[in-house]
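Undergrad: Below is one structure. I have some questions about it.
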Amino acid sequence: MTFQGKKHPMARRRQIYEGKAKILYEGPEPGTLIQYFKDDATAFNAQKKGTINGKGVLNNRISEHVFTLLAGIGIPTHFIRRLNMREQLIRQVEIVPIEVVVRNVVAGSLAKKLGIEEGTPLPRTIVEYYYKDDALGDPLVTDEHILCFGWASQEELHDMADMAIRVNDFLSGLFAGIGIRLVDFKLEFGRIWDNDYSRIILADEISPDGCRLWDMTTGEKLDKDRFRRDLGGEVEAYQEVARRLGLFPEGEDSAVLDLESHRKRRGK
Ligand code: UDP
């Protein structure tokens, strides 16, 4: 079976949803899903489209690592375990239609909107909410809108903001330890139900696709801005993040080597 012209290893599974960078399949047990990481990249509300060979493999691995560390500090997440190079087993959640963005340094849409220079450090961390709606271009909304339209309850909003700050504190330190500045990032949350009660857990992924990561010494961008801004070297940047996180143990540079040989075979 072919999928977008590519051989697709898990095509026999029932597909639940296909997003821009990932596909969700039915999981082996009720309440579970399989999250498949594609190499597809989009930017500017999918007006710019491309492929970054090997991105899916790297994001799967990076996200597994980060979610595992977050679980270790008590953040509940949807991640269960990685299954293979491109897939992970996750808990099925009801996605809250809000993207939670955390900012430590001015960049991207904030720089543009307010005319502040990119790279300006923020005197305090900013948490923003965007309503997930492609047709509307994910508009910025306030907690008033979220409560008014019932996208999340007051308690859920509080839990999400609280977790976002904890994730930020933890990840800022983690990345600082490997010479990377965590400029900003996006989180998504989901609800899991237990009879009539629900709780909020961290969902989606945490990878260079949804974070701004700048080398602390050189200022080099190690994230999706390389794709958004046509800087090139996307895979190398993602690999560098994975390498610094210690995800290519000595003598096991297999993912890197696989990508290299893949590129050579394709004559790139
Ligand atoms: N982000 C994301 N998905 C989106 C929008 C933003 O992952 O749909 C991430 C983005 O990678 C950055 C942060 O959220 O790390 C803040 O993005 P910004 O609002 O500056 O948006 P941009 O205009 O750069 O997409």
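Undergrad: Collect the residues in the range 25-40 that are under 14 Å from residue 79 (Cα atoms) and either free of Cβ contacts under 8 Å to residues at least 40 places away in the same chain or outside any strand (DSSP E or B) (or both), keeping them in residue-number order. Full working, then the answer.
TA: Taking the range 25-40 as the starting set, the residues that turn out to be under 14 Å from residue 79 (Cα atoms) are 27, 31-37.
Across the range 25-40, the qualifying residues are 27, 31.
Undergrad: Any residue in the range 132-153 that's at positive phi: show its pairings with residues that are of a type in the set (D, E, K, R) at Cβ separation under 8 Å, as long as the two are six or more apart or on different chains.
TA: Listed pairs, sorted by first residue: 138/99; 138/132.
Undergrad: Please indicate, with yes or no, whether at least one residue in the range 227-235 is over 16 Å from the mean Cα position of the chain (by Cα), within 16 Å of the ligand (Cβ to nearest atom), farther than 26 Å from residue 56 by Cβ and aliphatic (A, V, I, L, M). Reasoning before the result, please.
TA: Looking only at the range 227-235, we keep the residues that are over 16 Å from the mean Cα position of the chain (by Cα), and these are 229-233.
Filter again for within 16 Å of the ligand (Cβ to nearest atom), leaving 229-231.
If we keep only those that are farther than 26 Å from residue 56 by Cβ too, we end up with none.
Looking through the range 227-235, none of the residues is over 16 Å from the mean Cα position of the chain (by Cα), within 16 Å of the ligand (Cβ to nearest atom), farther than 26 Å from residue 56 by Cβ and aliphatic (A, V, I, L, M).
Undergrad: Which ones in the range 190-219 are within 19 Å of the chain's Cα centre (by Cα), surrounded by fewer than 22 Cβ atoms within 10 Å (Cβ to Cβ) and in contact (Cβ under 8 Å) with a residue 40 or more places away in the chain?
TA: From the range 190-219, those within 19 Å of the chain's Cα centre (by Cα) are 190-191, 200-215; that's our starting set.
Pick out the ones that are also surrounded by fewer than 22 Cβ atoms within 10 Å (Cβ to Cβ) and you get 190-191, 201, 210, 215.
Of everything in the range 190-219, those that are within 19 Å of the chain's Cα centre (by Cα), surrounded by fewer than 22 Cβ atoms within 10 Å (Cβ to Cβ) and in contact (Cβ under 8 Å) with a residue 40 or more places away in the chain turn out to be 190, 191, 201.
Undergrad: Identify all residues within the range 21-52 that are within 16 Å of the ligand (Cβ to nearest atom) and charged (D, E, K, R); write none if there are none.
TA: So in the range 21-52, the residues within 16 Å of the ligand (Cβ to nearest atom) come out as 21-22, 35, 37-38, 40-50, 52.
Correct list: 22, 38, 40, 48, 49.
Undergrad: Can you pull out the residues in the range 196-218 that are more than 27 Å from residue 23 (Cβ to Cβ), more than 16 Å from the ligand (Cβ to nearest atom) and not aromatic (Phe, Trp, Tyr)? Working first, answer last.
TA: Kept after step one, since they are more than 27 Å from residue 23 (Cβ to Cβ), are these residues of the range 196-218: 196-197, 214-218.
Still in the list and also more than 16 Å from the ligand (Cβ to nearest atom): 196-197, 216-218.
Selection gives 196, 216, 217, 218.
Undergrad: Okay, next question. Can you find, within the range 116-136, the residue that is farthest from the ligand (Cβ to nearest atom) among those that are in a loop (DSSP other than H, G, I, E, B) and within 19 Å of residue 188 (Cβ to Cβ)? Working first, answer last.
TA: Restricting attention to the range 116-136, the residues satisfying the condition of being in a loop (DSSP other than H, G, I, E, B) are 116-120, 132-133.
Next cut, within 19 Å of residue 188 (Cβ to Cβ) only: 132-133.
Values: 132: 8, 133: 11 Å.
Applying the filter and picking the extreme gives 133.
Undergrad: With the range 41-115 as the region, which strands (runs of 3 or more DSSP E) entirely inside it contain at least 3 residues that are within 18 Å of residue 171 (Cα to Cα) and aliphatic (A, V, I, L, M)? Break it down stepwise before answering.
TA: Details: elements: 48-51, 79-82, 87-91, 94-105.
Because the criterion is at least 3 residues that are within 18 Å of residue 171 (Cα to Cα) and aliphatic (A, V, I, L, M), the strands (runs of 3 or more DSSP E) in the range 41-115 that meet it are 94-105.
Undergrad: Looking only at the range 53-65, count how many residues are in contact with a strand residue (DSSP E or B) (Cβ under 9 Å, 6 or more places away or on another chain) and within 14 Å of the ligand (Cβ to nearest atom). Lay out the reasoning, then the answer.
TA: Our first condition is that a residue be in contact with a strand residue (DSSP E or B) (Cβ under 9 Å, 6 or more places away or on another chain); within the range 53-65, this holds for 55-61, 63-64.
So of that shortlist, the ones also within 14 Å of the ligand (Cβ to nearest atom) come out as 55, 59, 63.
Here the count works out to 3.
Matching residues to (1) farther than 17 Å from residue 33 by Cα; (2) assigned to a strand (DSSP E or B):
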{"site": "175", "(1), (2)": "yes, no"}
{"site": "178", "(1), (2)": "yes, no"}
{"site": "181", "(1), (2)": "yes, yes"}
{"site": "191", "(1), (2)": "no, yes"}
{"site": "199", "(1), (2)": "yes, yes"}
{"site": "207", "(1), (2)": "yes, no"}
{"site": "213", "(1), (2)": "yes, yes"}
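Undergrad: Any residue in the range 163-171 that is of a type in the set (A, V, I, L, M), in a strand (DSSP E or B), at pLDDT 95 or above and crowded, with 21+ Cβ neighbours inside 10 Å?
TA: No, there is no match, as no residue in the range 163-171 is of a type in the set (A, V, I, L, M), in a strand (DSSP E or B), at pLDDT 95 or above and crowded, with 21+ Cβ neighbours inside 10 Å.
The values are calculated or read from the model by the stated rules, or taken from the named source; none is laboratory data. This structure is a prediction, so every number in the text was calculated from the model and none was measured. A quick note on method: Cβ atoms are made from the backbone with ideal geometry, for glycine too, and the neighbour counts reach across all protein chains shown.
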